[in-house]
Amino acid sequence: MFLSEAMELFLEEWYTAGISVVRKYDLPVEAMLACAAEESGWGKGPIFQQTLNPFNLQKWPHLLIPKTHKTYWRETIINTTTREKKKSPFNCAYSSEDAVRQWCEWILNYGNANSAPGNQDPKASKVPKQSAIRNRNALLRCRKNSIEFARNLPLVGFGQVHTPQARAKSGQGYTNIVQLYTKPFCQTK
């Protein structure tokens, strides 16, 4: 795989918009870029076109974090193995910086009582999910290594997460993108 001109432009745009936000939250910019590229189909995906949020954040509207001004509902494949579809809520963003903030908040709050992966039922009590918090903490231990952070993004719900094989494949997809541009793109900025 190589980076086309359109892919490089996508990365430059999101790098410029997101670098200060990601650094504020002490997360690796390369992993954010890989997640944006993979989840949005390099900016061509239909969910990104509707939400202006390249991370495909599916959060029930009654959960408060990450905060969004609008929710976009769309039927989407929730399991690539079984091809099961479900109508799901996606966070919208009003700017690139807002989308990156949401990505950071998603990661840093994953498993907390009022954030993903919360209960679909708005009347259910909001309680922390200890297994999700353990996953988040495992990911955050990688925050100084962009390749390991990207590889472990499935721990907080990015990519396919239904089986260990699917998680590994998704993590490798993010890692491949980081490895493509880390030297020529991010290190020159």
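Legend: residue pairs Lys59/Lys86; Lys59/Lys85; Lys70/Lys123, Cα-Cα distance threshold 18 Å; pairs beyond threshold, Lys70/Lys123. Go ahead and collect, in residue order, the members of region 127-150 whose backbone nitrogen is under 11 Å from a label point 7 Å along the Cα-Cβ direction of Leu64. Within reach of a label on Leu64, which here means backbone N under 11 Å from a point 7 Å along Cα→Cβ, region 127-150 contributes nothing. Across region 45-61, computed HN-Hα scalar couplings (Karplus, 6.51 cos²θ - 1.76 cosθ + 1.60, θ = phi - 60°) run x, x, 5, 4, 4, 8, 9, 6, 10, x, 8, 6, 6, 9, 9, 5, x Hz from first to last residue, x flagging Gly and Pro.
With the cut-off at 1.5 for a/c, could you classify region 5-188 from its C-alpha gyration tensor as rounded, prolate or oblate?
Taking the square roots of the gyration eigenvalues as a ≥ b ≥ c, region 5-188 is rounded.
Just from its helices, what would the mean residue ellipticity at 222 nm be for the chain, if runs of 4 or more DSSP H residues each count -39500 (n - 2.57) and the sum is divided by every residue, rounded to the nearest 500 deg cm²/dmol?
Details: 7 runs with 87 residues, N = 189.
The helix contribution divided over the chain gives -14500 deg cm²/dmol.
Normalised by the number of residues in the chain, the average gap of Cα pairs under 8 Å and 6 or more apart makes the relative contact order 22 percent. Ranked by how many other Cβ atoms sit within 10 Å of their own Cβ, fewest first, the residues Val29, Val127 fall in the order Val127, Val29.
Listed highest first by mean packing, meaning other Cβ atoms within 10 Å per residue, what order do 104-115, 135-146 come in?
Details: 104-115: 20.1, 135-146: 16.6.
Taking the mean over residues of other Cβ atoms within 10 Å, the ranking is 104-115, 135-146.
Straightening the chain between Gln49 and Ile78 buys 8.5 nm, computed as 0.36 nm per residue apart minus the Cα-Cα spacing. What does a probe at Lys85 reach in region 40-56, counting residues whose amide N is under 16 Å from the point 7 Å along Cα→Cβ? Of the residues in region 40-56, 46-47 have backbone N under 16 Å from the label point off Lys85.
Out of all DSSP beta bridges in region 37-173, what portion is antiparallel? Express it as a percent rounded to 5. Could the numbers behind the result be given before it?
Numbers: 9 of 10 bridges.
So the antiparallel bridges in region 37-173 amount to around 90 percent.
Only residues of region 1-42 count here: report those whose backbone N is under 17 Å from the spot 7 Å along Cα→Cβ of Glu97, or say none. Flagged as within label range: 13-26.
Since every read-out is calculated from the coordinates, none of them should be taken as a lab result. These figures come from a predicted structure and were not determined experimentally. When we count neighbours, we look across all protein chains shown, and the Cβ atoms used for this are built from the backbone with ideal geometry, even at glycine.
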